[in-house]
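The values are calculated or read from the model by the stated rules, or taken from the named source; none is laboratory data. None of the values given here were measured: they were computed from a predicted structure. Glycine also receives a Cβ, built like all others from the backbone with ideal geometry; neighbour counts cover every protein chain displayed.
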Amino acid sequence: MAKSQPAVEDPNARVVCRNRRARHEYELLEELECGVVLLGSEVKSIRANKISIEEAYVRVKDREVWLLNCDIAEYPQATYMNHDPRRARKLLLRSSEVRKFAEAAAQKGLTIIPLDVHLSRGLVKLNVAVARGRKLHDKREKLKQRTAQQEMQQAVRRVMK
């Protein structure tokens, strides 16, 4: 019998930047992966982990989706061919996905936020989510639930020993 080959993972596939506050401050309703239109110096900076999406957000304008306020540091070796660090970057989505996101963003209280930037098959990808902002009491309730879950798991581990 022939043995099945294990799936070889791409060594370049990795998460470059993650918006850690997003899952705490927002209730994520729907996630989607999309491509980003970038310049060469931007891709090199992203590969060197010189990107921040903490303050970034996504807007739908004229049936196009744009990533705004994302900071990609200038690439030192690009000299005069460098990019503007905070320019608006177009996101690549299918028209049906754009329509669905536009409807969701138009609803009161919903927004589109970037979750993480990662490399996949040599391409820069961005995970975005339609989200609803959490109130302070919702954040506290989530923390209580998480600590209760952790305590239950620890108790189970103690009993199993």
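The residue list 90, 125 contains one member that is of a type in the set (D, E, K, R) and either without any contact (Cβ under 8 Å) to a residue 12 or more places away in the chain or under 20 Å from residue 22 (Cβ atoms) (or both), which is 125.
Number of residues in segment 93-122 that are touching a residue at least 12 places away in the same chain (Cβ under 8 Å), assigned to a loop (DSSP other than H, G, I, E, B) and under 19 Å from residue 57 (Cβ atoms) equals 2. Criterion applied to 135, 100, 90, 142 was being at pLDDT below 85, within 16 Å of residue 34 (Cα to Cα) and charged (D, E, K, R), and the one residue passing it is 100. Whether a residue is modelled with pLDDT of 85 or more, of a type in the set (Lys, Arg), farther than 21 Å from residue 121 by Cα and part of a strand (DSSP E or B) was assessed, and residue 20 does not pass this test. Among the residues of segment 128-151, those identified as more than 14 Å from residue 23 (Cβ to Cβ) and of a type in the set (S, T, N, Q) are 147, 149, 150. Filtered by the rule that a residue be more than 25 Å from residue 31 (Cβ to Cβ), in contact (Cβ under 8 Å) with a residue 40 or more places away in the chain and surrounded by 13 or more Cβ atoms within 10 Å (Cβ to Cβ), segment 56-87 gives 82, 83. On the stretch given as segment 34-45, residues that are outside any loop (DSSP other than H, G, I, E, B) and within 15 Å of residue 122 (Cβ to Cβ) total 6. Number of residues in segment 106-161 that are small (Gly, Ala, Ser) and surrounded by 16 or more Cβ atoms within 10 Å (Cβ to Cβ) equals 2.
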